[in-house]
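Below is one structure, written out as structure tokens; the observations come after it.
The values are calculated or read from the model by the stated rules, or taken from the named source; none is laboratory data. Computed from a predicted model, the values in this text were never measured in an experiment. So basically every Cβ, Gly included, is an ideal-geometry build from the backbone, and we count neighbours across all protein chains shown. The area values use the complete protein model at the heavy-atom level, side chains included, leaving out ligands, DNA and RNA. Shrake-Rupley method; radii C 1.70, N 1.55, O 1.52, S 1.80 Å.
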Amino acid sequence: MLMQVESGSEAAAATAAAVLTAPLSLEGGLAAELRPANLVQRVLSLFRNVRPGSDLSHFQLPATFNLPKSQLQLYGEGVYCVGKDYLRRCAKGSDAVERFAAVVGWSISTTRPPIFGFAPYNPVLGETHHVSSGSLHVLLEQVSHRPPVSALHATDDDGEIELVWCQNPIPKFHGTSVEATVKGMRHVKLLKFSENYEIDCPNLLIRLLPAPSVEWSGTVRIVCKESELEAELIYYRSNAFLGLGGDPRCVKGKIFSSRSGEIICEIDGHWDRIVSAKDAKTGKVSVLYDAESAIADLKTPVVRNQEGVSPSESVVVWGEVSDAILKKDWERSSQAKRRVEDTARRLDRERNDKGEVWIPKHFSLSQDKNGSWECSPLEKSVPPAPIIVPS
């Protein structure tokens, strides 16, 4: 396991350290409260001795630059922290085109406002995150550390929806910017219709010079082989100069037939506002996605069953670090973060000394012929979680 399993009172003490923080939303949230006055200068100083082209997957950030949550939590929040239930709408479509459009809308809802100068913790090997939102149950696990690979499995009580994700972020330094390419595929399965939607991810671009900024960019493709439909969404870079001009957070695209290439509808808007779909035949315009209804005023998850929280749960593993960051106790946050990382390194050395190979608890992990990582859940469904999103 990730950490030595406590027993009795020790386990209870560990679960008591769970610290849950507000999800990223349109309002900005925690980072605005934590932002220091000289943030830009401090960010630039981090990369003073980093060579362009360097892989930053295991770059060690001081705790002062961390959001008080793990990357696993950020992945999970994109699924379970929502206002309007765009995911449920996917399974209610009356025909293949309506369901496909709903999946496109839902995929946009997983795009959350990034924050310049702050990053989540790098999950340690074996770390897990388990949360329920209504009838949807979400489980994540860090299944590999080098390279960093995160897996997600989610199912609902009605047996209509299943999500399986495998994500491998690769951040690289390019001199005046950092760009994180997210490898791996997200699968949305509408079980009643035997439809599987394959979705990839936009890249995260962090500009350091000439004007600091952070935004999602790149092309996202969505494919459903069963309905022979595809979508292409382009997240445009702002192309701003010195912070002026450009059209940030703009997304454009199309839904089309895989067989003929015929365009069914055109997509246009901003992922943090309104995204519309225009029917290619009739010219009718409808709202595909409304960020205000989806990612504003999001509720913070709470612990419902403290005894059921695993010692490997993200909010426990990083609980002391997050608590110290929230209190702006930077010395304690640095010490606590070092303890978590040192423990992970020690357990890795012990496994190597014994010739043991790490085996994930909830997923099987493999690579395809192109070297991409694939994760398969070991269980058919995800059980209700001890952490819930309040209704």
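Counting residues in the range 340-359 that are of a type in the set (A, V, I, L, M, F, W, C), modelled with pLDDT of 95 or more and within 28 Å of T155 (Cβ to Cβ) gives zero. The set of residues from the range 148-169 being out of contact with any Lys or Arg (no Cβ under 6 Å at 6 or more places or on another chain), in a strand (DSSP E or B) and open to solvent by 20 Å² or more (accessible area, probe 1.4 Å) comprises just one member, P169. Among helices (runs of 4 or more DSSP H) entirely within the range 1-67, having at least 2 residues that are at pLDDT 60 or above singles out 30-34, 39-46. Is it the case that some residue within the range 234-242 is at pLDDT 90 or above, under 23 Å from F116 (Cβ atoms) and open to solvent by 70 Å² or more (accessible area, probe 1.4 Å)? There is at least one residue in the range 234-242 that is at pLDDT 90 or above, under 23 Å from F116 (Cβ atoms) and open to solvent by 70 Å² or more (accessible area, probe 1.4 Å).
Once the range 111-138 is narrowed to residues that are part of a strand (DSSP E or B) and open to solvent by 20 Å² or more (accessible area, probe 1.4 Å), the residue that is nearest to L208 (Cα to Cα) is A119.
On inspection, P386 qualifies as open to solvent by less than 60 Å² (accessible area, probe 1.4 Å), under 14 Å from V138 (Cα atoms) and not hydrophobic (A, V, I, L, M, F, W, C). Here the condition is being part of a strand (DSSP E or B), over 17 Å from the mean Cα position of the chain (by Cα) and not acidic (D, E); of I234, I206, it holds for I234 alone.
Any chance you could count how many residues in the range 302-324 are buried (at least 22 other Cβ atoms within 10 Å of the Cβ) and touching a Lys or Arg at 6+ places or on another chain (Cβ under 9 Å)? Total satisfying the criteria: 6. Which of the residues that make up the range 110-127 are of a type in the set (G, A, S) and modelled with pLDDT under 95? If the condition is that a residue be of a type in the set (G, A, S) and modelled with pLDDT under 95, then G117, A119 are the ones that fit.
Could you tell me which residue of the range 367-383 is surrounded by the fewest Cβ atoms within 10 Å (Cβ to Cβ), considering only residues that are of a type in the set (S, T, N, Q) and under 22 Å from the mean Cα position of the chain (by Cα)? Of everything passing the filter in the range 367-383, Q367 is surrounded by the fewest Cβ atoms within 10 Å (Cβ to Cβ). Considering each residue of the range 281-292 in turn, at least one proves to be acidic (D, E), open to solvent by 60 Å² or more (accessible area, probe 1.4 Å) and under 23 Å from the mean Cα position of the chain (by Cα). Every condition in (1) assigned to a helix (DSSP H, G or I); (2) under 21 Å from P311 (Cβ atoms); (3) open to solvent by 50 Å² or more (accessible area, probe 1.4 Å); (4) not hydroxyl-bearing (S, T, Y) is met by V340 except one, and the failing one is (3). Filtered by the rule that a residue be within 21 Å of the chain's Cα centre (by Cα) and either of a type outside the set (A, V, I, L, M) or loosely packed, with under 11 Cβ neighbours inside 10 Å (or both), the range 343-366 gives P360, K361, H362, F363, S364, S366. Restricting W318, W330 to residues that are farther than 27 Å from I161 by Cβ and in contact with a Phe, Trp or Tyr (Cβ under 6 Å, 6 or more places away or on another chain) narrows the list to W318. With respect to the conditions (1) open to solvent by 10 Å² or more (accessible area, probe 1.4 Å); (2) closer than 21 Å to K92 by Cβ; (3) of a type outside the set (K, R), H145 lacks only one, and its number is (2). Please find, within the range 90-108, the residue that is most open to solvent (accessible area, probe 1.4 Å) out of those that are modelled with pLDDT of 95 or more and not hydrophobic (A, V, I, L, M, F, W, C). That would be E98. Among the residues of the range 209-231, those that are open to solvent by 60 Å² or more (accessible area, probe 1.4 Å) and not in a strand (DSSP E or B) comprise L209, P210, K225, E226, E228.
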